[in-house]
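Chemist: Got a structure for you, questions after.
The values are calculated or read from the model by the stated rules, or taken from the named source; none is laboratory data. Just so it is clear, the structure is predicted and the values come from calculations on it, not from any experiment. Neighbour counts run over all protein chains shown; Cβ positions are idealised from the backbone, glycine included.
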Amino acid sequence: MLFKILLAIFAVVVMVRVFKQYRAKKVGANWFGFWMIFWVLVIVVSYTPQTTDLIAQVVGVGRGVDLIVYISLPIIFYSIFRLVVRQDQQNKELTDLVRKIAIDNAEKPKN
Amino acid sequence: MKIVAVIPAYNEGGRIGETILDAARFVDAVVVVDDCSKDTTGVEARAHGAHLLTHLVNCGQGAALQTGMDYALKILRAEIVVHFDADGQMRGEEIPMMVKPIVDGQVDVTLGSRFLGKAENIPLARRWMLKAAVVFTYLTSGLWLSDTHNGFRAFSARAARSIRLRQNRMAHASEILDQIGDKKLSYREIPVTIRYTEASLAKGQKTGALFRIVSDLFKSKFIH
């Protein structure tokens with residue numbers, strides 16, 4: 001029971017943060033909608049885990065909880081991969097920029 | 001032939017001046033790339049007559065080397081580029097030995113080796129780490145070298161132009177060897193003396209850095 005309450009509190013806190021970011025125009029409407037639905041589903045599933053069992057049976061996985069793990073792990077791994085690639089790309093762009101500035105502003109010896 | 005030494009430097013205040021003077025006796029120009037040092041590295045480099053390039057953000061030694069090479073080739077029209085460390089570990093008087101096979105047209109690249117030469121005071125743990133790197137390098141690049149992580153290198157302009165460092169941090173040492181192998185550049189190891197002083201040991205790669213180097217290399221091989 002304690003776990004469900006903590007998870008629900010966490011979900012609400014995240015939703016408030018997402019809402020604030022949406023209001024500050026840091027997050028677009030689509031992302032805002034997606035994350036709201038996602039966290040509402042987290043709360044629903046944590047209180048009525050049997051709802052996922054139905055879907056699990058349809059797709060041929062034993063329990064709903066297992067289904068969630070099977071779906072979330074690949075998504076998380078793929079997201080990390082995407083982040084690493086993007087960070088690498090940004091790093092490269094930053095280096096190119098730093099390099100160009102360094103060469104354009106090179107100081108030659110006076111004598 | 002126009003020979004340019006490229007010295008990447010990060011917080012080398014107190015040492016960089018002497019290094020520049022040491023190298024300058026044997027080259028036509030010295031290029032120092034100050035990788036956003038927090039000390040007086042830039043001021044000292046300027047005062048000692050080097051071409052000074054400043055990174056506004058700390059990008060790492062590999063990135064600094066690439067910046068220096070770009071400048072040496074495009075702006076100074078270097079015919080030979082020498083990589084030289086800022087911390088006083090290397091000897092300027094060995095530069096002529098490094099560039100001679102390139103001047104004579106025998107090879108495209110020369111690589112300094114501590115183990116063909118007289119290494120002074122290499123700690124045992126570091127010696128073994130360097131041996132492990134020899135095997136790793138052979139497996140990944142096909143180059144069998146006595147010393148794979150030696151920063152003393154010389155390139156003909158053609159070789160320098162064909163090398164493009166993407167590894168900003170310390171993994172560039174392996175990346176250079178990979179590219180020498182890939183581009184089929186001819187190379188020779190030259191015995192050099194590396195002085196291990198307390199200051200250079202404190203600043204050199206810690207054994208823990210090995211993990212980071214391997215992970216950088218892993219990323220470079222599988223992501224790019």
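Chemist: What's the total number of residues in region B:49-65 that are surrounded by fewer than 22 Cβ atoms within 10 Å (Cβ to Cβ), in contact with a strand residue (DSSP E or B) (Cβ under 8 Å, 6 or more places away or on another chain) and among the polar types (S, T, N, Q)?
Modeler: Number satisfying all stated conditions: 1.
Chemist: Considering region B:40-59 alone, what residues qualify as being more than 14 Å from B:ILE7 (Cα to Cα) and either at the interface with chain A (Cβ under 7 Å from one of its Cβ atoms) or assigned to a loop (DSSP other than H, G, I, E, B) (or both)?
Modeler: Within region B:40-59, B:THR40, B:LEU56, B:VAL57, B:ASN58, B:CYS59 meet the criteria.
Chemist: Looking for whichever is more than 30 Å from B:ALA45 (Cα to Cα), surrounded by 12 or more Cβ atoms within 10 Å (Cβ to Cβ) and either away from chain B (no Cβ under 14 Å) or in contact (Cβ under 8 Å) with a residue 40 or more places away in the chain (or both) here; the options are A:PRO49, A:PRO74. Which one fits?
Modeler: A:PRO49
Chemist: For region B:179-205, which residues satisfy the criterion of being modelled with pLDDT under 90 and either closer than 29 Å to A:LYS92 by Cβ or not in a helix (DSSP H, G or I) (or both)?
Modeler: Across region B:179-205, the qualifying residues are B:THR193, B:ILE194, B:ARG195, B:TYR196, B:THR197, B:LYS203, B:GLY204, B:GLN205.
Chemist: Same structure, new question: In region A:94-110, how many residues are part of a loop (DSSP other than H, G, I, E, B), touching a Gly at 6+ places or on another chain (Cβ under 9 Å) and either under 20 Å from B:GLY60 (Cβ atoms) or within 7 Å of another protein chain (Cβ to nearest Cβ) (or both)?
Modeler: 1
Chemist: Looking at this structure, is A:VAL59 more than 14 Å from every other protein chain (Cβ to nearest Cβ), of a type outside the set (Gly, Ala, Ser), exposed (fewer than 10 other Cβ atoms within 10 Å of the Cβ) and over 30 Å from B:GLN167 (Cα atoms)?
Modeler: Taking the combined requirement at face value, the residue satisfies it.
Chemist: Given (1) closer than 19 Å to B:ARG153 by Cβ; (2) in contact (Cβ under 8 Å) with a residue 60 or more places away in the chain; (3) more than 17 Å from the chain's Cα centre (by Cα); (4) outside any loop (DSSP other than H, G, I, E, B), identify the lone condition not met by B:MET129.
Modeler: Single failed check for B:MET129: (1).
Chemist: Yes or no: region B:75-94 includes at least one residue that is part of a helix (DSSP H, G or I) and either of a type in the set (S, T, N, Q) or buried (at least 24 other Cβ atoms within 10 Å of the Cβ) (or both).
Modeler: Scanning region B:75-94 turns up no residue that is part of a helix (DSSP H, G or I) and either of a type in the set (S, T, N, Q) or buried (at least 24 other Cβ atoms within 10 Å of the Cβ) (or both).
Chemist: Only one of B:PHE136, B:PHE84 is of a type outside the set (Ser, Thr, Tyr) and touching a Phe, Trp or Tyr at 6+ places or on another chain (Cβ under 8 Å); which?
Modeler: Just a single option satisfies the conditions, and that option is B:PHE84.
Chemist: Checking B:VAL103 against (1) farther than 24 Å from B:THR148 by Cβ; (2) within 14 Å of chain A (Cβ to nearest Cβ); (3) β-branched (Val, Ile, Thr), which single condition isn't satisfied?
Modeler: (2)
Chemist: Please work out if A:VAL84 is farther than 30 Å from A:ILE9 by Cβ and modelled with pLDDT under 90.
Modeler: Spelling it out, it is not the case that A:VAL84 is farther than 30 Å from A:ILE9 by Cβ and modelled with pLDDT under 90.
Chemist: Return only the number of the condition from (1) surrounded by 14 or more Cβ atoms within 10 Å (Cβ to Cβ); (2) away from chain B (no Cβ under 14 Å) that A:ARG17 does not satisfy.
Modeler: (1)
Chemist: Separate question: Is at least one residue of region B:148-162 of a type in the set (Ser, Thr, Tyr) and at pLDDT below 85?
Modeler: Yes - at least one qualifying residue is present in region B:148-162.
Chemist: Still on this structure, please answer the following. Residue under question is B:ARG166, and the condition is that it be surrounded by 14 or more Cβ atoms within 10 Å (Cβ to Cβ), in a loop (DSSP other than H, G, I, E, B) and touching a residue at least 12 places away in the same chain (Cβ under 8 Å); does it hold?
Modeler: Yes.
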